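Asker: A single structure is presented below for examination.
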Amino acid sequence: MEYILSTKNLGISFGGLKACENVNMDILPNEIYGLIGPNGAGKTTLFNIITGVYQPTWGDFYLNGERLTGLKQEKICNKGIARTFQNIRLFNNMTVIRNVMVGLTNKSEYKCTFFESMFRFRRHFKVEKEMREKAKEILDIFGLLPERNNLACNLPYGMQRKLEIARALATSPKLLLLDEPAAGMNPNETMELVETIKLIKEKFNIGILLIDHDLKFVSGLCDRITVLNFGQVLAQGKVQDVLNNKDVIEAYIGRESD
Amino acid sequence: MKTPKKIKWKHFINYIVIGVFTLIFSLLSVTNSLDLLQKFLLEKIAISILLSVSLGLVVGFLGELSLGHAGFMCIGAYLGGKAASILEPILGSTLLTLTISLVIGGVSALISGLIIGLPALRLKGDYLAIVTLAFGEIVKTLFLNSSEDSFGGPTGINTPRFDNKYLFIVGFVLVLFMLFVIQNLIRSKHGRAITAIRDSEIAARATGINVVKYKLLVFALSAFFAGIAGVLYSYSNYTVQCTKFDYNYSIEILVMVVLGGMGNINGSIISALLITFLQVELASILTGNLAVLQNILYALVLILIVIYNNAPSLKGFRDKYNFKNLIKRLRKQKFDPSKEIDDEAKWDRVPTKIEMNEVLSLDIKVEESTLKPDKGDK
C-alpha cells in the first residue's frame with residue numbers, strides 16, 4: 001500500500017543540538033495520524049521540516065513517493081502539503097472570505113496572469129467569480145459563511161482556528177498538518193473541532209497529521225500515533241497499544257516508584 | 001437568489017474626481033487663463049501623485065520600507081531626458097518624443113528595480129530600507145561623476161521642451177493610467193496575495209504564495225512609475241541635476257505616503273496634492289530673506305497634521321468633525337434613534353470592551369461621585 005507521507009530517517013540539528021533524529025513515519029491516505037510528546041520533543045520542528053521551513057540535516061521525506069526534501073515552502077504547499085500554525089497566523093487585515101481566496105491563488109484552474117488582472121481581461125472576472133464561489137463553498141462547510149465579510153482579526157478564537165484550517169484546505173492539499181488545533185479551546189470548542197476534523201477527513205478524503213498534548217483528544221480522533229521524546233521516536237502504532245506502552249507512560253507521567 | 005450587480009462607486013470615485021479636475025484645468029489652460037506658476041504647480045502635483053502612489057504600493061500594500069524611490073526617479077529622469085534630447089531632432093514631433101522617452105525612462109527604472117530587488121528583497125524590514133537607501137545614493141553619485149558628454153556630471157543634462165500648456169495634462173493622464181493599473185492589480189487575486197504577504201509572510205508562504213515573485217513584481221512596478229515621474233520631472237524642469245534626487249527627496253515621498261495613510265491610495269493622492277501645493281506656494285510667497293521660513297513652516301504644518309491625527313486628547317474632536325460624519329450630516333439632517341440598527345455582528349460595538357485609545361491616553365479621570373460616599377448612606 002502506498003503511503004501518502006513517509007519520512008526516512010528524518011533529522012535536524014541546530015549547531016549540535018539534535019532537535020529531531022531518525023524519525024520514520026508512514027501515513028496512509030485518508031488517515032488521521034497523531035504526533036504527541038512532551039514539550040520540546042521536536043514535534044513542531046518536524047512540522048517545519050515537512051513544510052520546508054527548515055531543511056533537514058539528515059534523511060528525506062516523500063509525498064506519494066515523490067521526494068520533496070529541499071524544496072521551498074511554497075513549492076511544497078503546491079505539491080499538496082498544507083498546514084496551520086500553533087499560534088494562529090491569519091491575514092488579520094483581510095476579510096474572512098479573502099483569507100480563503102488567498103489559499104486558492106495558486107491553483108491551476110484559477111490561472112490569471114498579472115497582465116490580465118491589471119488590464120481587466122475577461123478571464124479576470126471569470127476567475128474572480130469562480131474563486132468567490134469556491135471560497136463560499138469551503139466557508140459553508142465550516143459554518144463561517146455568515147462571517148465572511150468580517151475582518152479575520154475580529155473573529156472569536158475558535159472561529160479563527162477554523163478559518164485557518166479552511167484556508168489550508170483551500171489549497172486542496174493531499175495531506176493536512178494541524179499544529180495543536182485544540183490549544184486554548186474550551187471543552188465545547190474542542191468537541192466541535194473533533195467533529196470538524198472528522199468531517200474534513202470524510203469530505204476532502206485527505207490524510208491528516210496532527211500535533212496535540214491532550215491525550216483524550218488524540219485518542220478519540222487518531223487512528224495511529226507516534227510519540228516523540230527528545231527528538232526521537234519513543235513508540236509508534238495503534239493508539240491503544242502506544243498509550244499502554246511503558247516508556248510512553250514514563251515520559252508523560254513518570255516512573256512508578258519501586 | 002441573485003441580486004442585481006451594483007456598480008461600486010467607491011471604486012471609481014478617484015478616476016472621476018481626477019478626470020474632472022484635469023478637464024477643468026485643461027480647459028483653463030487651453031483658454032490661456034493659467035499663469036506659468038500655476039501650470040508648474042500642476043505639473044509638480046502630477047509628479048508627486050505618481051511618486052507617492054507608486055511608493056505607497058511598496059510601503060502600504062507590500063509592507064516593505066523602501067527609501068530609494070528618488071533613485072528610481074533619478075534613473076528615469078536621466079535616461080528619459082537623455083533619450084528625449086537625442087530623439088527630438090530625429091523624430092521632430094514633441095509628443096512622440098515625450099511618449100518614447102516616458103517608455104524608456106519607465107522601463108529603465110523597472111529594470112533597475114528588478115536588478116536591485118533580486119538581492120535586496122531577500123532582506124527584511126530595516127535591512128531592506130538600508131539597501132534601498134544606499135541604492136539611491138549610489139545612483140546619485142554615479143550620475144554626478146558621469147562624463148561631460150554622457151550625462152553632464154554635476155551640471156546635469158538639458159531636456160527638450162514640451163509646450164507647458166499641455167504638459168500637466170500628460171501628467172494627469174499618466175496619473176489616471178497608473179491608478180488604473182495599480183488599483184486593478186490590488187483588486188485582483190494578485191493584490192490579495194500582496195496584502196497577504198504584508199499581513200503574515202510566513203502564513204503566505206505556507207499558503208503557497210511565491211513571495212519573491214510578488215515582491216519583485218511590486219518593486220518593479222513601483223520603480224516603473226517612479227521612472228515615468230522622473231521623465232516628467234525632466235520635462236517640467238528643462239534640466240536634470242542629480243543633487244535633487246537625494247535622501248531627503250525619498251523621505252519627502254515617504255512622508256506623503258505615511259500622511260495619506262498606509263495602504264490608502266486616495267489618501268496618498270490627497271496628501272501628495274496638499275504637500276506639493278504647500279511647498280510650491282511657500283516657495284513662491286517667501287522669497288529673499290524670508291526663504292528660511294519655508295522649511296520651518298513646512299515642518300510645522302507636518303507636525304500639526306501628525307498631532308491632529310494621533311493625539312488621544314483630540315479623539316473626541318476627530319470623531320465629531322470628520323469626513324464621514326460630514327457626509328452623514330449632509331445626507332441626513334436629524335439623528336433618528338429608531339433608525340439606528342443594533343447589529344450583533346459588530347464585534348467592536350460590544351459595550352464592555354475597553355477602548356484601547358482611552359487607556360493609552362493616560363488621562364483617565366476617576367469620577368468624583370465614586371470617591372464620595374452616597375448620600376443615601378448617611
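The values are calculated or read from the model by the stated rules, or taken from the named source; none is laboratory data. Every value quoted in this text rests on a predicted model; they were computed, and no experiment measured them. Cβ coordinates were reconstructed from backbone atoms using ideal geometry, including for glycine residues, and neighbour counts include every protein chain displayed. Each accessible area value is taken on the protein alone, full model and side chains, heavy atoms only, with ligands, DNA and RNA left out. Shrake-Rupley method; radii C 1.70, N 1.55, O 1.52, S 1.80 Å.
Asker: Hey, can you tell me all the residues within the range A:70-84 that are more than 7 Å from chain B (Cβ to nearest Cβ) and either open to solvent by less than 40 Å² (accessible area, probe 1.4 Å) or charged (D, E, K, R) (or both)?
Answerer: Taking the range A:70-84 as the starting set, the residues that turn out to be more than 7 Å from chain B (Cβ to nearest Cβ) are A:70-72, A:75-76, A:79-82, A:84.
Result: A:Lys72, A:Lys75, A:Ile76, A:Lys79, A:Gly80, A:Ile81, A:Ala82, A:Thr84.
Asker: Please specify each residue of the range A:77-118 satisfying the condition of being within 14 Å of the chain's Cα centre (by Cα), part of a loop (DSSP other than H, G, I, E, B) and among the β-branched types (Val, Ile, Thr).
Answerer: Result: A:Thr84, A:Ile88.
Asker: Can you list the strands (runs of 3 or more DSSP E) found entirely within the range A:1-63 that contain at least 1 residues being among the acidic types (Asp, Glu) and either out of contact with any helix residue (DSSP H, G or I) (no Cβ under 6 Å at 6 or more places or on another chain) or open to solvent by less than 70 Å² (accessible area, probe 1.4 Å) (or both)?
Answerer: On the way: elements: A:5-14, A:17-27, A:32-36, A:58-63.
The strands (runs of 3 or more DSSP E) meeting that bar are A:17-27, A:58-63.
Asker: Is it true that B:Gly267 is out of contact with any Lys or Arg (no Cβ under 8 Å at 6 or more places or on another chain) and surrounded by 21 or more Cβ atoms within 10 Å (Cβ to Cβ)?
Answerer: Details: out of contact with any Lys or Arg (no Cβ under 8 Å at 6 or more places or on another chain): yes; surrounded by 21 or more Cβ atoms within 10 Å (Cβ to Cβ): no.
No.
Asker: Now, a different point. Which of the residues that make up the range B:50-63 are outside any helix (DSSP H, G or I) and surrounded by 24 or more Cβ atoms within 10 Å (Cβ to Cβ)? Walk me through how you get there before you give the answer.
Answerer: Within the range B:50-63, the subset outside any helix (DSSP H, G or I) is B:63.
Once the filter is applied, which keeps residues that are outside any helix (DSSP H, G or I) and surrounded by 24 or more Cβ atoms within 10 Å (Cβ to Cβ), the range B:50-63 yields nothing.
Asker: Looking at the range A:126-145, is at least one residue at pLDDT below 90, part of a loop (DSSP other than H, G, I, E, B), open to solvent by less than 60 Å² (accessible area, probe 1.4 Å) and of a type in the set (Phe, Trp, Tyr)?
Answerer: Yes: the range A:126-145 contains one or more residues that are at pLDDT below 90, part of a loop (DSSP other than H, G, I, E, B), open to solvent by less than 60 Å² (accessible area, probe 1.4 Å) and of a type in the set (Phe, Trp, Tyr).
Asker: If you don't mind, another one. Hey, A:Glu202 hits all of (1) in contact (Cβ under 8 Å) with a residue 24 or more places away in the chain; (2) under 20 Å from the mean Cα position of the chain (by Cα); (3) assigned by TED's automatic domain parsing to the domain that holds A:Trp58 but one; which does it fall short on?
Answerer: All conditions are met except number (1).
Asker: Quick one: A:Ser108 ticks every box in (1) modelled with pLDDT under 90; (2) open to solvent by 60 Å² or more (accessible area, probe 1.4 Å); (3) under 22 Å from B:Ser200 (Cα atoms) except a single one, so which number is it?
Answerer: Exception for A:Ser108: condition (3).
Asker: OK, next. Taking B:Ile47, is it out of contact with any strand residue (DSSP E or B) (no Cβ under 6 Å at 6 or more places or on another chain), surrounded by fewer than 20 Cβ atoms within 10 Å (Cβ to Cβ) and of a type outside the set (Lys, Arg)?
Answerer: On the way: out of contact with any strand residue (DSSP E or B) (no Cβ under 6 Å at 6 or more places or on another chain): yes; surrounded by fewer than 20 Cβ atoms within 10 Å (Cβ to Cβ): no; of a type outside the set (Lys, Arg): yes.
No.
Asker: Right, next: Please list, ordered by residue number, the helices (runs of 4 or more DSSP H) wholly in the range B:158-224 having 1 or more residues that are more than 11 Å from every other protein chain (Cβ to nearest Cβ) and open to solvent by 10 Å² or more (accessible area, probe 1.4 Å).
Answerer: B:164-186
Asker: Determine which single condition B:Leu67 fails, assuming it passes every other condition in (1) open to solvent by less than 20 Å² (accessible area, probe 1.4 Å); (2) touching a helix residue (DSSP H, G or I) at 6+ places or on another chain (Cβ under 6 Å).
Answerer: Only one criterion in (1) open to solvent by less than 20 Å² (accessible area, probe 1.4 Å); (2) touching a helix residue (DSSP H, G or I) at 6+ places or on another chain (Cβ under 6 Å) is unmet by B:Leu67, namely (1).
Asker: Further, regarding this structure: Given (1) within 14 Å of another protein chain (Cβ to nearest Cβ); (2) of a type in the set (Val, Ile, Thr); (3) open to solvent by 10 Å² or more (accessible area, probe 1.4 Å), identify the lone condition not met by B:Val255.
Answerer: Result: B:Val255 fails condition (1) only.
Asker: Also, I was wondering about something else. Do you know which of the residues in the range B:29-40 that are surrounded by fewer than 19 Cβ atoms within 10 Å (Cβ to Cβ) and closer than 20 Å to B:Val280 by Cα is modelled with the lowest pLDDT?
Answerer: Checked the range B:29-40; the qualifying residue modelled with the lowest pLDDT is B:Ser33.
Asker: Which numbered condition trips up B:Ala129, out of (1) under 26 Å from the mean Cα position of the chain (by Cα); (2) open to solvent by 20 Å² or more (accessible area, probe 1.4 Å)?
Answerer: Among (1) under 26 Å from the mean Cα position of the chain (by Cα); (2) open to solvent by 20 Å² or more (accessible area, probe 1.4 Å), B:Ala129 violates only (2).
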